[in-house]
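Undergrad: My questions all concern the structure below.
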Amino acid sequence: MKPADFRFHHPLRVRWAEVDLQQIVFNPHYLTYYDCAMADYWRALALPYEATLRRLQGDIFLRKTSVEFNASAQLDDRLDVALRCERVGHSSITFTGAIFRDQRLLNTAELVYVFADPASQRSRAVPAPLRALFAAYEAGERLTDVQLGPWSQLAEPARAVRSAVFIEEQGIAHDEEWDALDADAVHAVVFNRLGVPVGTGRLLGEPQAGTARIGRMAVDRALRGGGVGRLLIEALQQAAAGRGDRRVVLSAQRSAEGFYRRLGYAPVGQPYDEVGIPHIGMQRDLV
C-alpha cells in the first residue's frame, strides 16, 4: 500500500501530548488522526458536514474500526493520513485508511460508518446523492460548479452565503452588507454536487478605465482552504478579462491577505478598517 493508492491525504505533525516516555505515539491517538482526516475528507467533497447531513435528514455514526500496526510514529514526525471510500452498502460506508511517514507505511485501518436517523440512530439507506458523490470523488471528478450571472439570477444563493459569513459569523450589520451595487455587478456562486451554494463573490467596474473590482468574497467556513475561493477568483478574473479589463483591485481582510498573495495580488497603500475589520487594498494585472 502506497500514498499514491489514495486520493485524500491529511498532513499532521506528532506533538508531545501524543507520545509516551519512549517518545512514540500512544496507540489510541491513531484513531484521533483518522477522525481528523475524516473531517477534512468531507471538506474535500465540498460538503459542510452539519448542513449537508441536515439536508439529507440523517447522520453518520462510527460502527466499527480496526487498526493494524506495522511501525510506530515518533515525536515530531510529519505524517500523512490517507483515506479512501472503499464501499458504500445499503446503510454502511466503509473507508480504508493508512498512515505514512516519508512513504513508509506505519499502520492501516478499516472504518465502518452507518448512515442513520439522527434521533433514533437507527440505520437508513445511504441517500443516492451521497452515494454518487463518494463515487465521483474517488473517480477524480470535479465536485463543484461555478455559475456567473446577474443579481436577478443569483441573488438567493449569494445572499445565503454572504448572510452566513458576513452577518452571522463576522457580525457585520445587515444594513452595511447589502447595497445598490449588487444590481449592477456580475456575481459568481460556487455550488457543490448537492446544489448547495458554498461560496460567492461579485465583480464591479471602477471609474479608472480597464480596471475591475472584486468584492463580497465569501466562502462557507467549513470549506475554507479547500479551493472554493480560488475558483471564485479565477471565474471573476476571467469575466473581467472577457470584457476588456486589464487590472483587478480588491479590498482584502487582513486575515485573507496571504490567500490573495498566493493568487498574484500585491498590497497597495496602508491598512485600514472597514466595518470594524482590518483591511488592505490589493491589486494584480491581468495577462
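Undergrad: Of the numbered conditions (1) outside the structural domain of GLU86 (by TED's automatic domain parsing); (2) in contact with a strand residue (DSSP E or B) (Cβ under 9 Å, 6 or more places away or on another chain); (3) under 27 Å from GLN57 (Cβ atoms), ARG131 satisfies every one except a single condition; which is it?
TA: That leaves (1) as the condition not met.
Undergrad: PHE166 is checked against (1) surrounded by fewer than 16 Cβ atoms within 10 Å (Cβ to Cβ); (2) part of a helix (DSSP H, G or I) and fails just one. What number does that condition carry?
TA: (1)
Undergrad: Quick one: which of ALA218, ALA209, ALA183 is in contact with a Phe, Trp or Tyr (Cβ under 7 Å, 6 or more places away or on another chain), among the small types (Gly, Ala, Ser) and either at pLDDT below 95 or surrounded by fewer than 18 Cβ atoms within 10 Å (Cβ to Cβ) (or both)?
TA: ALA183
Undergrad: Can you tell me which residue in segment 257-268 is farthest from the chain's Cα centre (by Cα), limited to those that are assigned to a loop (DSSP other than H, G, I, E, B) and under 18 Å from ARG216 (Cα atoms)?
TA: Ranking the qualifying residues of segment 257-268, first place goes to TYR265.
Undergrad: Which residue is nearest to PRO197 (Cα to Cα), if the candidates are limited to segment 229-263 and must be without any contact (Cβ under 8 Å) to a residue 60 or more places away in the chain and touching a Ser or Thr at 6+ places or on another chain (Cβ under 7 Å)?
TA: Among those residues, the one meeting the criterion is VAL249.
Undergrad: Could you pull out the residue among PRO129, PRO118 that is surrounded by fewer than 18 Cβ atoms within 10 Å (Cβ to Cβ), in contact (Cβ under 8 Å) with a residue 12 or more places away in the chain and under 30 Å from PRO28 (Cβ atoms)?
TA: Of PRO129, PRO118, the one residue that is surrounded by fewer than 18 Cβ atoms within 10 Å (Cβ to Cβ), in contact (Cβ under 8 Å) with a residue 12 or more places away in the chain and under 30 Å from PRO28 (Cβ atoms) is PRO118.
Undergrad: Going residue by residue through segment 269-276, is there one that turns out to be within 19 Å of ARG202 (Cβ to Cβ) and more than 22 Å from the chain's Cα centre (by Cα)?
TA: yes
Undergrad: Right, something else. Please work out if ALA125 is of a type in the set (Gly, Ala, Ser), under 30 Å from GLU86 (Cα atoms) and either modelled with pLDDT of 95 or more or not assigned by TED's automatic domain parsing to the domain that holds LYS64 (or both).
TA: yes
Undergrad: Here is a further query. In segment 180-199, which residues are closer than 22 Å to LEU53 by Cα and assigned to a strand (DSSP E or B)?
TA: Of everything in segment 180-199, those that are closer than 22 Å to LEU53 by Cα and assigned to a strand (DSSP E or B) turn out to be VAL189, VAL190, PHE191, ASN192, PRO197, VAL198, GLY199.
Undergrad: Out of VAL268, VAL219, VAL189, I need the residue that is free of Cβ contacts under 8 Å to residues at least 60 places away in the same chain and in contact with a Ser or Thr (Cβ under 6 Å, 6 or more places away or on another chain). Which one?
TA: None of the other options fit; the residue is VAL189.
Undergrad: Could I ask something else about it? Where in segment 1-100 are the strands (runs of 3 or more DSSP E), entirely inside, with at least 1 residues that are over 23 Å from TYR113 (Cα atoms)?
TA: 8-13, 78-88
The values are calculated or read from the model by the stated rules, or taken from the named source; none is laboratory data. Bear in mind the structure is a predicted one, so any value in this text is a computation, not a measurement. Note that each Cβ is placed from the backbone with ideal geometry, even for glycine, and that neighbours are counted across all protein chains shown.
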